[in-house]
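Participant: Here it is, the structure in full.
The values are calculated or read from the model by the stated rules, or taken from the named source; none is laboratory data. Here the structure is a predicted model, which is why all the values come from computation and not from measurement. Here the Cβ positions follow ideal geometry from the backbone for every residue, glycine too, while neighbour counts run over all protein chains shown. Note: areas computed on protein heavy atoms with side chains; ligands, DNA, RNA excluded. Shrake-Rupley method; radii C 1.70, N 1.55, O 1.52, S 1.80 Å.
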Amino acid sequence: MTGVTIGCIGLLPGYATIGIWAPALLALLRFLQGIPVGGEWSGAMLLTLEHTPKEKHGSYSSIPQLGTLISSGAFALAGMLPDDSFYSWGSRLPFLAAFPLLGFVLHTRLRIEESPVFHAMPADAEQNGPKPAPVIEAFRRTWGRMIVGIGAALLLMAIAACTAAGSFASGSLVRRERAARPAGDRVEAAA
């Protein structure tokens, strides 16, 4: 579902074509994109960790994070296009790339096997009885690491929010500065 919604963002008509429906549909697609993200990311992390040796968990668990790096690189490449091209079609390319990636992901998922940890769970539950609530057990055993992880996630969200707010603020300041210039200065600056 995530790949489909991301790809559909690239197909979304602009405001000039469908008016107020463009931002409304964009907000809806972003909402629909966000619903499965928690399951997709945590599932990828779990599969990675359960298929790797314990001593390599740290390095292998970074693999699901590569998606963020790849998407940032795709937008950086698209941002190198001339402004007219970027605003008319180039900004859509990273979103449209989700469709071929979706095919690769589906191909991979259909061939991946359950982890050895998953296969061992029924025998362990039969021998040792059912485990207590996993969330409570996780906090009981690793509460310190959980607090650090939650703090790191909150810090990253705060940085992202500040970056977005700063970007919007600087963009509006540039627009105000351009609007405040006399008409002759604006023509010279554009040339």
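Participant: Could you run through segment 85-122 and say how many residues are open to solvent by less than 100 Å² (accessible area, probe 1.4 Å) and basic (K, R)?
Facilitator: Residues flagged as open to solvent by less than 100 Å² (accessible area, probe 1.4 Å) and basic (K, R) within segment 85-122 amount to 1.
Participant: In segment 41-123, which helices (runs of 4 or more DSSP H) lie fully inside it and hold 1 or more residues that are among the aromatic types (F, W, Y) and in contact (Cβ under 8 Å) with a residue 60 or more places away in the chain?
Facilitator: Filter on segment 41-123 gives 93-96, 98-111.
Participant: Now a separate question. Determine, yes or no, whether V37 is more than 30 Å from A160 (Cα to Cα) and surrounded by 11 or more Cβ atoms within 10 Å (Cβ to Cβ).
Facilitator: The answer is no for V37.
Participant: Go through the residues of segment 54-69 one by one and say whether even a single one is surrounded by 13 or more Cβ atoms within 10 Å (Cβ to Cβ) and of a type in the set (G, A, S).
Facilitator: Taking every residue of segment 54-69 in turn, at least one turns out to be surrounded by 13 or more Cβ atoms within 10 Å (Cβ to Cβ) and of a type in the set (G, A, S).
For (1) outside any helix (DSSP H, G or I); (2) modelled with pLDDT of 80 or more; (3) among the charged types (D, E, K, R), each residue gets a yes or a no:
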| residue | (1), (2), (3) |
| --- | --- |
| I136 | no, yes, no |
| F139 | no, yes, no |
| T142 | no, yes, no |
| M146 | no, yes, no |
| G151 | no, yes, no |
| S170 | no, no, no |
| L173 | no, no, no |
| R176 | no, no, yes |
| A179 | no, no, no |
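Participant: What residue, among those in segment 129-151 that are open to solvent by 50 Å² or more (accessible area, probe 1.4 Å) and under 22 Å from the mean Cα position of the chain (by Cα), is nearest to W41 (Cα to Cα)?
Facilitator: Per the stated criteria, the residue is I150.
Participant: Among the residues of segment 1-23 satisfying the criterion of being of a type in the set (G, A, S) and touching a helix residue (DSSP H, G or I) at 6+ places or on another chain (Cβ under 9 Å), which is surrounded by the fewest Cβ atoms within 10 Å (Cβ to Cβ)?
Facilitator: A16
Participant: Here's something else I'd like to know. In segment 73-87, how many residues are within 17 Å of L26 (Cβ to Cβ) and over 18 Å from the mean Cα position of the chain (by Cα)?
Facilitator: Result for segment 73-87: 1.
Participant: Moving on. Please give the number of the condition L32 fails out of (1) within 29 Å of F86 (Cα to Cα); (2) loosely packed, with under 14 Cβ neighbours inside 10 Å.
Facilitator: It is condition (2) that L32 fails.
Participant: Taking A125, is it at pLDDT below 80, surrounded by 10 or more Cβ atoms within 10 Å (Cβ to Cβ) and farther than 30 Å from Y15 by Cα?
Facilitator: Criteria met by A125.
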